[in-house]
Every structure is written in structure tokens, then in C-alpha cells.
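Peer 1: Dumping the structure here so I can ask a few things about it.
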Number of protein chains: 4
Amino acid sequence: MNVVSYRPEPGDLSYTFGGRPAVGRVEPGTVLELYTEDCFGGRVRGLDDLPSKVCEFPYLNPVTGPFHVEGAEPGDTLALHFVSIEPARDWAVSTTFPHFGALTSTHTTATLQPPLEELVWLYEVDAAKRTVRYQARRGDFSVEMPLDPMHGTVGVAPAANEARMTITPDAHGGNMDTPELRAGVTVYLGVNVPGALFAIGDGHCRQGHGEVCGTAVEAAMNTVVAVELIKGAVTPWPRLEDDDHLMSTGSARPLEDAYRVSQHDLVTWTAALTGLDELDAYQLVSQGGEAPVGNVCDTNYTMVAKLPKAYLGGPEVYGSAHARLRALGAEYLSSR
Amino acid sequence: MNVVSYRPEPGDLSYTFGGRPAVGRVEPGTVLELYTEDCFGGRVRGLDDLPSKVCEFPYLNPVTGPFHVEGAEPGDTLALHFVSIEPARDWAVSTTFPHFGALTSTHTTATLQPPLEELVWLYEVDAAKRTVRYQARRGDFSVEMPLDPMHGTVGVAPAANEARMTITPDAHGGNMDTPELRAGVTVYLGVNVPGALFAIGDGHCRQGHGEVCGTAVEAAMNTVVAVELIKGAVTPWPRLEDDDHLMSTGSARPLEDAYRVSQHDLVTWTAALTGLDELDAYQLVSQGGEAPVGNVCDTNYTMVAKLPKAYLGGPEVYGSAHARLRALGAEYLSSR
Amino acid sequence: MNVVSYRPEPGDLSYTFGGRPAVGRVEPGTVLELYTEDCFGGRVRGLDDLPSKVCEFPYLNPVTGPFHVEGAEPGDTLALHFVSIEPARDWAVSTTFPHFGALTSTHTTATLQPPLEELVWLYEVDAAKRTVRYQARRGDFSVEMPLDPMHGTVGVAPAANEARMTITPDAHGGNMDTPELRAGVTVYLGVNVPGALFAIGDGHCRQGHGEVCGTAVEAAMNTVVAVELIKGAVTPWPRLEDDDHLMSTGSARPLEDAYRVSQHDLVTWTAALTGLDELDAYQLVSQGGEAPVGNVCDTNYTMVAKLPKAYLGGPEVYGSAHARLRALGAEYLSSR
Amino acid sequence: MNVVSYRPEPGDLSYTFGGRPAVGRVEPGTVLELYTEDCFGGRVRGLDDLPSKVCEFPYLNPVTGPFHVEGAEPGDTLALHFVSIEPARDWAVSTTFPHFGALTSTHTTATLQPPLEELVWLYEVDAAKRTVRYQARRGDFSVEMPLDPMHGTVGVAPAANEARMTITPDAHGGNMDTPELRAGVTVYLGVNVPGALFAIGDGHCRQGHGEVCGTAVEAAMNTVVAVELIKGAVTPWPRLEDDDHLMSTGSARPLEDAYRVSQHDLVTWTAALTGLDELDAYQLVSQGGEAPVGNVCDTNYTMVAKLPKAYLGGPEVYGSAHARLRALGAEYLSSR
């Protein structure tokens, strides 16, 4: 097993997808051990560390990478299997942020109202017990919620020579902020440039659907990713696969367009996998599909379209890449 | 136990919320046994029964009712507990419909493209086995999916002397098309007119999230509802409660506004139930909340905001109406 | 010439389209002299008359009518030609209103921010000089703007047995709030119920595009309307005609859907009037059309699609109803 | 007068804002004579030159530049005054394009419908007579419309190290596609990177509001621009000034957000220029403002908010840059 570890120094972090040279090169088949910083670059560590004070635009939402995948070319698909995602600290943080979030006016949903108060919440993270603890800022209300680690941001360099802020999700991936992106899941990303140039960041100990206040339970992570390359397979929007489901994503505005993109991809993917007529696939997804909300706060909104594989009669997906990567991940975990 | 049965003749069905006199009067505390027709008025019974041929606008999506609830006045809240929802036939139906659905242009998302082909799918319903069977129109692909009965449409007469087509969801309820509205759930609706004038229809044997093709597995239903009235309690948007969750709904366009309405109601409701500061409630919902998609195909889109009651420390909700109605429903079921 | 005058008492005013019997009957060919109240029912008369204090929901945006037009049946088109629209007082009023307007959160674009301050602005109206005078609330800044009177609200009873608040624009007309609806313009409205049941209100001395703060320079009006009926002509969305232009409207959310509806209607109308292929009409409208914004603050947004008649080679529109009504209006005016 | 001419070779054209070195350097005060190619790179020259055949993604919408402006730094404002914009050929072209435009489904407003037919329209351009001639593809309908040249695309390198396709409008400018950007107008752009790196392209002989079919009357242009730099002036979104009006732009989705951004900027700019309270400025813009639609077809939609300078009592705007550049342009024109 080819295992590579990488821990970036602060100056190594990236703030865009595209527009930056690789920090390293990896062979398909590699298991990659990564450290990722939280969305605040680790600068919000206490209740008085207001993001607007301690962070500096555009140095937000750092990602670890980009990595050049040997042999990756436009028209291929990169498969990233998340073997494990574990909080790197015993605390995590969430905040409001001026004019960011779903229940506030923003820079584009512009109003003349003043912003909501900027506040920080600190969470205790108990990795053994698998919980995070919420503590109200006013009053002594406190409650435990399950630890459910995920990455908000994963992507490749965009097409068309673009470079995009890591805060933005689009066809190249990016800041999709979907809780579906947890350990055990394989992400498929269409390759737009030689080497793919993927990067990962924005770990969340857990997240509600839509990330309504604009931030999740933000945490640095130790994450293990298994990498594979599927030659000659085109993937128009990021797709996910777990043991039981296929998932398509869409990132756009308004939110119904994110829904349309994700459902359209799932319908046409279903038709391609099963040989079903497109309208038959439309009908099947209509009755059997789920639609987990990703984010409703970022510069594009993200929706996921999700279908049990059992409804499709067990088709072969991306040459069974998920099963292979799952096995590789299991081998890695049992070797530790 | 006060049990009342009502089975409408075709001429008794309603096609609006508001603008119609009651078909009957019920006392709070009543258990109501209802028959509801499917959204096509039972006219689509075979593959050749195209809705655009056998149905006539605006006689679509009939509801059973409205019922006048004794003592209900504006400013009260009506609680409807769904004791059981059972398919009335051993078949159900779904269709595409010209310029209706999420993956087609529509009358408002107007394009110059021709509509998708209008097609009917018939489903076998096995109430004993708790399944429905999908059968592709082209090819012999077939698959069973779980039976998960729900009502797409429930509501009261709107405020401001309005009458709204039953196809439209809004603050009065209506065609929310959320799978969360299944047996075991209590729906809370703000009363706008004397008697509330509630009605129920649009049964689905199951539905994917968003009802992407525009129709679910549509079926006539035998449904049992327990009715209660909460005096002096204002409910701005329809809310749902099951044994484990609180839910707020929002119906609006674009879809992010439906999300905002539902999350805003859940945040302010959470603050009111717990005494939490509004920003503290915002943070709690942000990390602990779910956002099941209702519909992304109707004249307004519907989102649900959902929170485990366990996160709130067991607050008393609407004077424990759900627990009382749950018990009444159990008593009814054990008496059959 | 058949001239009828009607001045409603406060109790005669209507607050919905649909759901109300007619206040009078008119023959096609009639010239109707009407008094319309302002959107606040005349209750905001000074800087201290905050709408949220002196007005009571849902008694906002009163309209004069509805009028039953003899012979009008579903499938016909009602033509209303605005002969003159003149302010009834020498003052007018505008306000902010809690959670209403484009640069504030609203009940559907819901945020946790407090509303903007509620303020009243009084305007001097000089009907002789054809000006209104803006006066800042803080400081002594003042400026004259041209008087350009219009009606924000005109419509008929909706289809499908609906009744809609007068604040809402849709396919039946209603609160479109377009400055294009001024004297000299003919409005075409599809008839949905016997008698059409049209009503008019919400006079504005002038209005910016989109009515961004939520209210215009609101005024009671003395308005003269000439009425004609075009049998057997279907009009899907309200259309306008002046001496030089054809206009289609669309009212929907999001705003791009209002744009799509209006442009789609103008394209298909252009094709029908000229015999052009639909894609040829699409191209012609794309290069020659205008898109005046109506409102971006009401429960639906309104866009207008506008094309010079000169580009169409002088087609006959609605049997030349506009020319006939223009002549009738001129005759009326010269007879005063 | 410092006059510089630049005519790019095909290989010199740019397809992004940002991510490319400058093609030249200019001093503030320079008059720049530029040639710009049409949005198809000049490859669509006849009815059979379908864009999807003769053009290759992402080599669409080329711009001339970028130019490094000496002394420009982040936090400054670049002023570009369009002295003249003249068609370079006696023909121009427009097309439909698969899944692009407002009356078709698109890659984000995704549907299962096939695209509209791809068609090319050729226009005769008569620069002396100041007309373009539309000729229907089916039938012999033809009509002249006024020549009204403009640039669809003008912008600088974006903030946050981004590179964006030239097809996209945003805070850095880009493909705003507003007919307001014609000769006689000064455009103000906030500088994000040293040298500003501005570029210009996408000339239109004329354009309807919203560019509903997705393309205007597309033409190569000979364009003269006068350049000035305003040190220490922050411009959040592109602004325009002509002799009589101030204009703010907003580019976002949904379309109401583009409206909000543009109106918000105009309101706050008005308050800053006049000393008016923000709510007083809101009221003034509400009654006196216009809202010309830019595009409703690109990856972001664009709205313009426009106010007569006369309503503001003649404030000094950007140190009277427009007047100075106007004079410089007049001097240039009289010297030819």
C-alpha cells in the first residue's frame, strides 16, 4: 500500500481552486493522510475571536492541496474515497458573520438593515464518545449532539482557465457543504486540467442541513483519502457514492436550479446505468429519490439528489471504483 | 370516543381552500374517518388515460371538506393528528403532465421548447406487504419500493378573504407535498376564519423529495384524523410534530425563500419554547436541524425545517396536544 | 356617448379580486368616471400616521369595483382604455413599511434582522405644473419630479374560483405596479368569469422602476376609463397597448420568471400577429424589445415586455380596439 | 494628447478576467484606440456557421486586453470613458445557441427537454444611415432598427486571486450586457490588483433588454476609450455615468438579487454624494429611479439602477472625472 502523509504549513494553504501550482504529486492508488485547517485558518479559538477581526479576506476557508494526480487529463474522472475524517482538536467553533448566512441579508441579497450581531460559539468535541456539546451564549442551556465529521470543501481546478475562491461551489466541486461527504463515501470529480489539482478542506464536526447560520461546527481534521483515476469517464457535476446510494450534486442559484441540476444529473445517470428511457428514469427518481440540502448560505447553493442503488438492480458504477477504494481503505485502517 | 365517517360524492369535492361553505361540522376531540380521492379525481386508471385528456382544469387535486370546527376562531390553532392513512385501492398512478414538474419548463418558467411527452405509470399497491411496484414504460425493468403513505394536501381557509386553488401551498397549508405528513404526525394550522374550514386530499403511496416529475404515486386514501383546537395560540405557518421531532414549513418562491421561512419559523419557535436567545436558537438549529424538501414543482415550493425534540430538553408544545391526540388515535385503532 | 360616474363610499371598496359581487354593471362602449382611494385607504395623511398604526390588515390597497361587464364570458378579452388619471388631492404620500420593499427582509425573504424604521414622506402635488415635490425627512433637501400618474392595480376576477388579495399581481392582473399603466394606454385582460368583474385602484403620482421601497407617490385619483369587450379573444396574461408599443406582462417569482412570462407572451403574440416563425419572433424581440420593470416588492414581481409596433409592420391588434377607444376617449375629453 | 492604438492578433485575445498577464501598459490620461472581435471570435459569418460547430468552448466571448494601468492599486477606481464605438464591418450576426438564453432551459435551469433549434441571423449594418436590418429566416419579413452600438463586456481582474470566464458578470464587471454602456458613458470599476488589468469586448450593434435569446446583434468594433485613475476611491460594483445620469450595476442570481445589489449601491451612493440620510435616499431613488435590465441570460444576471443627476442637486462625482474625460474625448474626436 502506498501511503503518503502531508501536513501543510500555514503558508502552504490554498484559497482558490485553480490558479495555483500543486503542493505535491500522487499516483492513483495512493492513500493520502492529510491535515486540514478549519475555515477560519484556526484563528477563532475563543469567544472574543470575532472572525471579522481575526481573519482577513480573502484568506478564508483554506484548503490543503492542490495535489497533482499522475496521469489525470481533461475528460477523466478523479475518485476520492474518504477513509476517515477525524477532528484534530478537542474543540470546534461556530459563528455568525456579518451579512453571511441564510437568515440575514447578504452582499447580494442586499438590504439596508444592519447585520446580525457577530458571535462565536465554542463546542467541546469528544472523539471517544462521538459527541459535540453545544453551549448557549446567553443562559446555561447546553446539549450534546452526535459527532458526524465531514468535509465542506473538496474540488479540482475548474474548467475554462478559471480560478475560484474556495468559498464557492460549482461544477468543479468546491464548498458544497453537504453532510453526505463523510467517511465511507467516494466522491467523483470531472478532471478539467492535467493532474486534476484536487484539494480538501473545511472540516465540520457536524452540520445542520443548509448550514443556515453560515458556519457549521468548524474543525481542523486529520483525514485519510484513497485516490483513484477513472480514465475516459466524463463527470459533469460532482457525484458521490456510498455503500447503498448514488448521489449527484448541483450548485447554483436560485436554490431550485441547484435542485434541478442535481436531479437532472441523477436522472440521466440512472438512465445511462440501467438502459432505462429518460422519462422512465425521471419517474423512478421522482418516487424513490431523496434530496438532502447541502448549503443555502454560500455564493452558490448546493443540493444533493440521492437514490438507493437497490432500486437500480445493482449496476456497475465507474468500474466498481467505490468497492475497490472501500477495500483499500479497510486495508489501510486494519494496518494502523 | 366521538367517531364520524364521511365519504364525499364526486360533487362534494372541493378545489379551493376558502370560498366554499363547509360540508360538515366537527367538535374538537372528534376522530374523523375520511375518504379522499386521488389528485386526478380517480379519472386516470390506465396507461391511455392522459390527464390532459381525462381531467378538466380547474377540477384537479380535489380535497375532502371543508369541515367547520366548532369554536374555532381567528387566532386559534387547529391540530390535526393523522391516525392512519391507507390506500383505498390496490393500484396507484403517476404521470408526466405538460409543462408541470421540476425538469421541464412551466407556465412561469416559460420557454419556447415543446413539453415533455405525457405518460402514465401504473403502480401495484400491496398494502399487506407494504410495497408499491414501479414498472418502466419502455422495457421490462421493475422494482419494489416501500409503501409510505402521506397526504400532499391539507389546509384551512386562507386569511384576507382569499380563496386559493388546492394546487397551491402557502401559509394556510394546501399542497405542501411533504412526505413528512404521514400517519403518526400532528399538523398545526393557524385559524383564519370562524370554523377554520379544513380539508384534506392528494394521498400519495410514496413520494420522492421534491416530487420532481410533478406527481407522486397518487392514490385514493382511507384516512383517519383526530381533531383538536388550541385556543389563543397563533401559528404563522403550518407546523408538524411527530414523537421525536418538531417541524416548521415554508412555501414560497424561489426555493431559498421556502427554506428561509421554514428555518425562521423553527428558530423563533425554538426560542419561544426554550427561552433561548434568538441567536442561540439560530446556532442550535444550524447544527442540529434537518431540511427535508417538500415540493419543487407546485405554484409555491415547500421546505420543511426539522429538529429533534431531544435537543430542546423536552419543552411543552401546544399544551401537549400531540401526546393527547396520539393517545386518542391509539385508542381508536385498538377499538377497531 | 354613454358616460357613467361612480364614487365609492369607504364600505364599498374591495380588497380582493374575485369573491365579491359587482358594485355595478356597465355596457361595453361605456366611459366610466371613477374615484379611487390611495393604497392606505386615505388614512395616512401626515408624518405621524404610520401605516402599521392607522391601517388594519387586510384592509390595504382598496380597489374601486368590481364592475360586471354585460356580455363578458370566459374566453373573451376585456379592453380598458385609460382616458385620464388625475390626482384627487394636492398631496400624496409614501412610506416605508415593516418588512415590505426590495431592500429589506420580508415575510418570505425572512431574516432575523429587525425591520427598517417606518417613516412617512409627504409630497406636494401640483397638477397644473405637473410636478410632485420630494422633501427629505432629515435635513432640508427637496426636489421636484415630474407628475406621471398611473394605476398600480387593475384586474379582473381570477380563474379557478380563486379570490386574491389586491396586493398580489398574477395572470388576472392585480397589483402589477408598472408605470406603463398611464393615461393613453389600453389594458387587455382575459375574462375568467361571467361579467369579468374588473376593478381599479392604487393610483400613483409617479413611481420609480420596481417600487424599491415598497410604495410609490400614493394618491387618490379621479380616473376615466373607456370599456370595450372583444369576444372570443383569449389573453393569457395582461397586455398593454399605447399608440406606439405593444406590451406583455408577467407576474411571478423569482424575477427572472416574471421576465420569462412577459417575453414569452410578447414573442408568441408577435408570431401570431405577423405570421413569423416563433424563433424569428424570438430574434426580433431579442434585438428590438424593452423590458420595463414593474414591481420588485409585491407578493409576485412584475415585468413588462415592450416592442415598438413599427417593427411589426402595422398589424391589426385586437380588431383595432385601441384606436377605437382612443377616439372615444378623445371625444369624451373634448366634450368636457 | 497621448493616443495609443492596439489591434490584437487572434492569439492575443483573452477569455478570462484575471489569470493572464497584460498585453500592454497605459498611463492614466491616455486615449486608447482598440479593435475588439465579436463574441464568436469572428467565426460566425454566414447562416451555416452554427456557433456549436465553428466555435470551441471555452474560446468564446474574447476580450481585447488586459491592459495594465500605471499606478493603479487595490482600493483605487479605474474610469473608462467610451469616446466612440463603431462597427468594424458592414454586417453583424445573432444566433440561438443550445441551452443558452432566457426562453430555453439551460445548464443550470436544467430540464429534460431538447434544446431549441440553433439558427443564425445575419444583419446588414449601415453605419452612415445608423441602422441595422433584421431579416427573418423563414419568410421575407424584414425591418430596420436603429444602430445603437455598445460593449457587452468590460471589466478588470477580480478580487481574491480569482480568474473568471469573460461570459460571467460580477463585481469586477465582465459580461454585463447592458445597452447603457454606449459612447458618451464613463464606467467606474474598483481596482483589485496592481495595474487593474482591464479588458473590453463583445460589441453589439444593438440589443434588446435582457438579451432574451442569449445573443445581441454581435459585431467587431473599433472603439476609443479614454482612461483615468481615481486614487483612493473604492467602487464596490461597476458604476456608469453619462451627462445626465448616475448608474449602479448589480450582477447576481436570482434576478431580484441583481436588482437589490444595483439599487442598494445607488441608494448608498446617493446618500454619500448628497449627505442624505439612507432612508431619505431610499425614498428618493424609489420615486425617481429607473431600472434598465441588462442581461437575463448569462451566468449571472445584470440589472442597472439609474437616477437623473438633476435630482441630486449637482453633486461632484469622482472628482468630476466624467466631465474631464468627456472633454478629452471631444478633443480627440475633433482632432481626427
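The values are calculated or read from the model by the stated rules, or taken from the named source; none is laboratory data. Everything numeric here is computed off the predicted structure, so don't read it as measured data. Please note: Cβ atoms are built from the backbone with ideal geometry, for glycine as well, and neighbour counts cover all protein chains shown.
Peer 1: Could you list, in sequence order, all residues of the range D:127-145 that are surrounded by 13 or more Cβ atoms within 10 Å (Cβ to Cβ) and either within 10 Å of chain C (Cβ to nearest Cβ) or modelled with pLDDT under 95 (or both)?
Peer 2: D:V132, D:Y134, D:Q135, D:A136, D:R137, D:F141, D:V143, D:E144, D:M145
Peer 1: Considering only the range D:120-147, state which residues are charged (D, E, K, R) and out of contact with any strand residue (DSSP E or B) (no Cβ under 7 Å at 6 or more places or on another chain).
Peer 2: Once the filter is applied, which keeps residues that are charged (D, E, K, R) and out of contact with any strand residue (DSSP E or B) (no Cβ under 7 Å at 6 or more places or on another chain), the range D:120-147 yields D:D126, D:K129, D:R138, D:D140.
Peer 1: Could you please give the count of residues in the range B:235-291 that are assigned to a helix (DSSP H, G or I), within 18 Å of the chain's Cα centre (by Cα), more than 7 Å from chain A (Cβ to nearest Cβ) and among the hydroxyl-bearing types (S, T, Y)?
Peer 2: Of the residues in that region, 1 qualify.
Residues are listed down the side, and each one gets a yes or a no for (1) touching a strand residue (DSSP E or B) at 6+ places or on another chain (Cβ under 6 Å); (2) closer than 21 Å to C:P238 by Cβ; (3) hydroxyl-bearing (S, T, Y):
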residue: C:A272; (1), (2), (3): no, yes, no
residue: C:L276; (1), (2), (3): no, no, no
residue: C:A281; (1), (2), (3): no, yes, no
residue: C:S286; (1), (2), (3): no, no, yes
residue: C:P292; (1), (2), (3): yes, yes, no
residue: C:V304; (1), (2), (3): yes, yes, no
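Peer 1: Any residue at all in the range B:214-233 that is over 26 Å from B:L34 (Cβ atoms), more than 20 Å from the chain's Cα centre (by Cα) and not acidic (D, E)?
Peer 2: yes
Peer 1: Select from the range B:52-62 the residues that are in contact (Cβ under 8 Å) with a residue 12 or more places away in the chain and more than 14 Å from every other protein chain (Cβ to nearest Cβ) and list them in ascending order.
Peer 2: Of everything in the range B:52-62, those that are in contact (Cβ under 8 Å) with a residue 12 or more places away in the chain and more than 14 Å from every other protein chain (Cβ to nearest Cβ) turn out to be B:S52, B:V54.
Peer 1: Looking at D:E124, D:E118, which one is surrounded by fewer than 19 Cβ atoms within 10 Å (Cβ to Cβ), at pLDDT 95 or above, of a type outside the set (K, R) and in a loop (DSSP other than H, G, I, E, B)?
Peer 2: D:E118
Peer 1: Return a yes/no flag: does the range D:227-239 have any residue that is touching a Ser or Thr at 6+ places or on another chain (Cβ under 6 Å) and more than 27 Å from D:A160 (Cβ to Cβ).
Peer 2: Within the range D:227-239 (the criterion being touching a Ser or Thr at 6+ places or on another chain (Cβ under 6 Å) and more than 27 Å from D:A160 (Cβ to Cβ)), the answer is no, since none of the residues qualifies.
Peer 1: C:T153 - would you say it is part of a loop (DSSP other than H, G, I, E, B) and within 18 Å of the chain's Cα centre (by Cα)?
Peer 2: Answer is no for this residue.
Peer 1: I'd like the full set of residues that are touching a Leu at 6+ places or on another chain (Cβ under 7 Å) and of a type in the set (A, V, I, L, M, F, W, C), limited to the range D:225-253.
Peer 2: Listed by number, the residues that qualify are D:V225, D:A226, D:V227, D:L229, D:L240, D:L246, D:M247.
Peer 1: Next up: Quick one: count up the residues across the range B:104-126 that are out of contact with any Cys (no Cβ under 7 Å at 6 or more places or on another chain), away from chain C (no Cβ under 11 Å) and not aromatic (F, W, Y).
Peer 2: Total satisfying the criteria: 10.
Peer 1: Being touching a Pro at 6+ places or on another chain (Cβ under 8 Å) and among the aliphatic types (A, V, I, L, M) is the filter; apply it to the range A:211-234 and report the residue that is farthest from the other protein chains (Cβ to nearest Cβ).
Peer 2: Going through the qualifying residues, I end up with A:V227.
Peer 1: Would you call B:H204 more than 17 Å from B:T77 (Cβ to Cβ), surrounded by fewer than 24 Cβ atoms within 10 Å (Cβ to Cβ) and either within 14 Å of chain A (Cβ to nearest Cβ) or at pLDDT below 95 (or both)?
Peer 2: no
Peer 1: For residues in the range D:29-60 being out of contact with any strand residue (DSSP E or B) (no Cβ under 6 Å at 6 or more places or on another chain) and among the hydrophobic types (A, V, I, L, M, F, W, C), which is farthest from D:W121 (Cα to Cα)?
Peer 2: Result: D:F57.
Peer 1: Being in contact with a Cys (Cβ under 6 Å, 6 or more places away or on another chain), within 10 Å of another protein chain (Cβ to nearest Cβ) and either crowded, with 23+ Cβ neighbours inside 10 Å or farther than 30 Å from D:T16 by Cα (or both): is that true of A:G101 here?
Peer 2: yes
Peer 1: Please enumerate the residues belonging to the range D:42-71 that are surrounded by fewer than 23 Cβ atoms within 10 Å (Cβ to Cβ) and under 16 Å from A:A160 (Cα atoms).
Peer 2: D:C55, D:E56, D:F57, D:P58, D:Y59, D:L60
Peer 1: Any chance you could count how many residues in the range D:292-308 are surrounded by fewer than 20 Cβ atoms within 10 Å (Cβ to Cβ) and away from chain C (no Cβ under 11 Å)?
Peer 2: Residues flagged as surrounded by fewer than 20 Cβ atoms within 10 Å (Cβ to Cβ) and away from chain C (no Cβ under 11 Å) within the range D:292-308 amount to 0.
Peer 1: Quick one: count up the residues across the range C:170-186 that are more than 9 Å from the chain's Cα centre (by Cα), in a strand (DSSP E or B) and away from every other protein chain (no Cβ under 12 Å).
Peer 2: Here the count works out to 1.
Peer 1: Can you confirm whether the range C:185-196 contains a residue that is surrounded by fewer than 19 Cβ atoms within 10 Å (Cβ to Cβ) and free of Cβ contacts under 8 Å to residues at least 40 places away in the same chain?
Peer 2: no
Peer 1: Among all residue pairs at least 6 apart or on different chains, which show Cβ distances below 9 Å where the first residue, located in the range A:3-32, is farther than 20 Å from A:S335 by Cβ and assigned to a strand (DSSP E or B) and the second is modelled with pLDDT under 95 and not acidic (D, E)?
Peer 2: Sorted first by the residue in the range A:3-32, then by its partner, the pairs are A:T16/A:P58.
Peer 1: Do you know which residues across the range D:313-336 are among the basic types (K, R) and either surrounded by 13 or more Cβ atoms within 10 Å (Cβ to Cβ) or in a helix (DSSP H, G or I) (or both)?
Peer 2: Once the filter is applied, which keeps residues that are among the basic types (K, R) and either surrounded by 13 or more Cβ atoms within 10 Å (Cβ to Cβ) or in a helix (DSSP H, G or I) (or both), the range D:313-336 yields D:R324, D:R326.
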